[in-house]
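Let me begin by presenting the structure, written as structure tokens, before commenting on it.
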Amino acid sequence: MNLRKTITEYLGEVEEFTSAASDEIEAFRVKYLGSKGLMKELFKEFKNVPGPERKEVGILLNELKKRATEKVTSLQAAMGNASVSTESSIDVTRPGFPYNVGSRHPVSLVMNEIIDIFRRMSFTVAEGPEIEDDWHNFTSLNFPEEHPARDMQDTFFVDLPGNFALRTHTSSVQARVMESQEPPIRVIAPGRVYRNEAISPRSHCIFHQIEGLLIDKDVSFADLKLHVLYFARQFFGEDARIRLRPSYFPFTEPSAEVDVYWGLETEADYRITKGTGWLEILGCGMVDPNVLRNFDIDPKEYSGFAFGLGIERIAMLRYEIDDIRWFYENDARFLNQFRQTF
Ligand code: DAH
């Protein structure tokens, strides 16, 4: 068998072959490139080619293989394009593959949901710095000089000239808003806060809060209660129940803590609510007149309420997360559970 001649003939055949029918293209592929195809046979034959001719025949053989492969690929591609446009074999109405856009962090999910609820009550979003001075974080908010929250145990102080610390609550943004805006004021301030606390399943040195502040003429405690109840029903469902317990915060008077009714049916309910059925969701109160005066707002003309809620706490309830540390570990097994596909 004259291998060189045979290969040249096949090269011609490959060159001339054309088809738009998938079965014909497949037959061509099997003939040349299949596991029992021509190429296999020719390479077997190649072993018998005498030394001096080997190089030339080898090159020809490789060329044939290359051209046959290219032919198949280009005919298949042409066929694919053609059938999309003629809608012959590809069903363009089939749903696409789900497109994975990653996942939002559960803290962001809850934060955005809460922001949306207050936006519907015409609150706007305010921001402030995470490195804050003593005036905005403590003094202007009526913290007495010897208040324990100022203590080294709670606050991360920052080694900068001046009296700076990582803000311990988003109430500092209240101060910044009152400083720069005239009433009526209706803002919420979501953000990260820092406390020098031992890390445990229930507490962390970093967490997130949403602060709310409303100042206007004739704002009463009833308005505060109404807003908090509306929020609770939007977030936890229409039949949500709340209760207010008297409390103390330096910047509000009177102050309260708000609990939402969680239920007391399962053993887990007992554990989560410490046997009461109620869960604390936020702190609130009427803005202390001293605070208003610190920002040149006349307490005889204006009154207001403020509240602050912890986002991790609420996210833990919503998603039944039993350890706050999950939020900051970046463990993909945790984060993937919040994945959304479109
Ligand atoms: N700043 C408080 C805290 O970090 C939460 C808070 C309580 C904010 C009462 C308020 C408020 O605006 O009125 O625990």
Furthest towards positive pole of dipole, W135, V49, M111, structure part the chain, Cβ charges: V49
Given a 1.4 Å probe and every protein chain left where it sits, what share in percent of the accessible area of the chain is carbon and sulfur? 51 percent
Simple label model, 7 Å out from Cα along Cβ direction - D23 to Y270, nm: 7.3 nm
Taking region 13-116, how many lysine pairs are there with alpha carbons less than 24 Å apart, if each pair must be eight or more places apart or span two chains? 24
Post the alpha-carbon centroid distance, region 159-207 to region 101-137, in whole angstrom. 12 Å
Can you list the residues of region 15-37 with backbone N under 17 Å from a point 7 Å past the Cα of T69, pointing along Cα to Cβ? 15, 29-37
Report the extension gain between D151 and V92 in nm, rounded to one decimal, defined as 0.36 nm multiplied by the number of residues separating them, less their alpha carbon distance. 14.6 nm
0 to 90° range, to nearest 10: angle between helix 51-86 axis and the chain longest Cα axis: 50 degrees
For the chain, treating each Cα as an identical point scatterer without solvent, what Debye log10 I(q)/I(0) comes out at q = 0.11, 0.12, 0.16 1/Å? -0.78, -0.90, -1.37
Describe numerically, in nm with one decimal, the distance between label points set 7 Å from Cα along Cα→Cβ at N100 and at N48. 5.4 nm
What accessible area per residue comes out for region 106-341, rounded to a whole number of Å², with a 1.4 Å probe? 51 Å²
Check A256: other-chain or 5+ apart residues with amide H under 5 Å from its amide H, H built from backbone geometry? S247, C284, G285
For the chain, the longest principal axis of the Cα atoms and the Cα long axis of helix 22-33 enclose an angle in degrees, to the nearest 10, of 70 degrees
Point-to-point label distance, D239-E182, nm (Cα→Cβ direction, 7 Å offset): 4.9 nm
Hey, got the dipole for the chain? About the Cα centre, +1 on K and R Cβ, -1 on D and E Cβ, debye to the nearest 20? 1820 debye
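The values are calculated or read from the model by the stated rules, or taken from the named source; none is laboratory data. Worth saying up front: this structure is predicted, and the values here are computed from it rather than measured. Every residue, glycine as well, gets a Cβ built from its backbone with ideal geometry; the counts of neighbours run over all protein chains shown. Just so you know, the surface numbers come from the protein's heavy atoms only, side chains and all, with ligands and any DNA or RNA stripped out. Shrake-Rupley method; radii C 1.70, N 1.55, O 1.52, S 1.80 Å.
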